[in-house]
Every structure is written in C-alpha cells, then in structure tokens.
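Asker: Handing you a structure now.
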Amino acid sequence: MKKFYYLSTCDTCKRIMKELDLSSFEIIDIKTQNISKGDLEQARKTVNSYLDLFNKRARKIKELNIELSSKTEKELEQLILGEYSFLKRPLMISDSTIIAGNSKESIAQMKTLHGNS
C-alpha cells in the first residue's frame with residue numbers, strides 16, 4: 001500500500017511532490033478526504049505516538065486553545081481524525097515505511113525512497 005497525504009493549498013507540499021516519483025502512490029488531498037482511521041493507526045504504530053503525526057503549527061490549535069501536552073493518545077487521534085489541518089504533512093505511507101512532515105530529514109528520506117530519477 002502506497003499513499004501520499006498532502007494539502008492542496010500548501011505550497012511546501014506541492015514543492016515536495018514535484019521532487020518525488022509518486023506514480024505508484026494513491027495521492028490524497030486531506031482537505032477533501034481526511035486520513036482514514038486505519039491509515040492513521042498504521043502510521044502511529046510506526047512512529048509510536050500520535051503527537052509525532054500532529055501538526056503542531058496548525059492555526060486551529062490556538063483558535064481552539066488546545067494544550068497538546070495534556071492530551072492522551074486517544075484524544076490526539078480524535079483531534080487528527082476530526083480536523084484535517086492537525087495531520088502533519090505531507091505524510092508518505094510506503095508499505096511499512098512512514099514519513100511525516102516537511103523537515104529536511106523527512107524530505108531527504110522521501111527522496112531516497114521515491115525521488116525523481
């Protein structure tokens with residue numbers, strides 16, 4: 001299973017996508033189709049925490065006055081499933097490999113696995 005979750009209004013996601021060969025991926029815009037519970041659970045098992053999959057820069061955190069450090073794993077899961085902007089993006093699911101976010105390290109990992117030749 002290969003899926004690539006991104007946000008269509010995010011220029012960083014678009015830039016990263018141009019640098020990758022995603023021809024074998026199902027490409028999913030989280031603005032129109034949020035991550036499925038199954039995919040989110042699979043990602044969490046790989047990274048060990050929903051907090052690692054949480055977009056800590058989402059504007060809605062401040063708007064809703066959410067204190068992430070006080071949230072349980074179940075609460076974090078429900079927040080991500082309920083609001084697309086809470087998912088760290090882009091999120092690449094490539095068989096058993098999960099890569100989330102747009103840090104230099106994450107982008108380098110994505111390019112190593114699926115960079116344009």
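Asker: Of the conditions (1) assigned to a helix (DSSP H, G or I); (2) under 12 Å from the mean Cα position of the chain (by Cα); (3) of a type in the set (Lys, Arg), LYS62 fails just one. Which one is it?
Answerer: Result: LYS62 passes all but (2).
Asker: Identify the single condition in (1) touching a strand residue (DSSP E or B) at 6+ places or on another chain (Cβ under 9 Å); (2) part of a loop (DSSP other than H, G, I, E, B); (3) surrounded by 14 or more Cβ atoms within 10 Å (Cβ to Cβ) that SER24 does not satisfy, given that it satisfies every other one.
Answerer: (3)
Asker: Okay, next question. Which residue is farthest from PHE25 (Cα to Cα), if the candidates are limited to region 85-97 and must be part of a strand (DSSP E or B) and at pLDDT 95 or above?
Answerer: LEU87
Asker: A follow-up question, please. Within region 90-110, count every residue that is within 16 Å of ASP39 (Cβ to Cβ), surrounded by 13 or more Cβ atoms within 10 Å (Cβ to Cβ) and touching a residue at least 60 places away in the same chain (Cβ under 8 Å).
Answerer: Selection size over region 90-110: 5.
Asker: Can you tell me which of LEU76, LEU81, LEU113, LEU51 is assigned to a helix (DSSP H, G or I) and buried (at least 18 other Cβ atoms within 10 Å of the Cβ)?
Answerer: Just a single option satisfies the conditions, and that option is LEU76.
The values are calculated or read from the model by the stated rules, or taken from the named source; none is laboratory data. If you're wondering where the values come from, they're calculated on a predicted model, not measured in any experiment. Quick reminder, even Gly has a Cβ in these numbers, built from the backbone with ideal geometry, and neighbours come from all protein chains shown.
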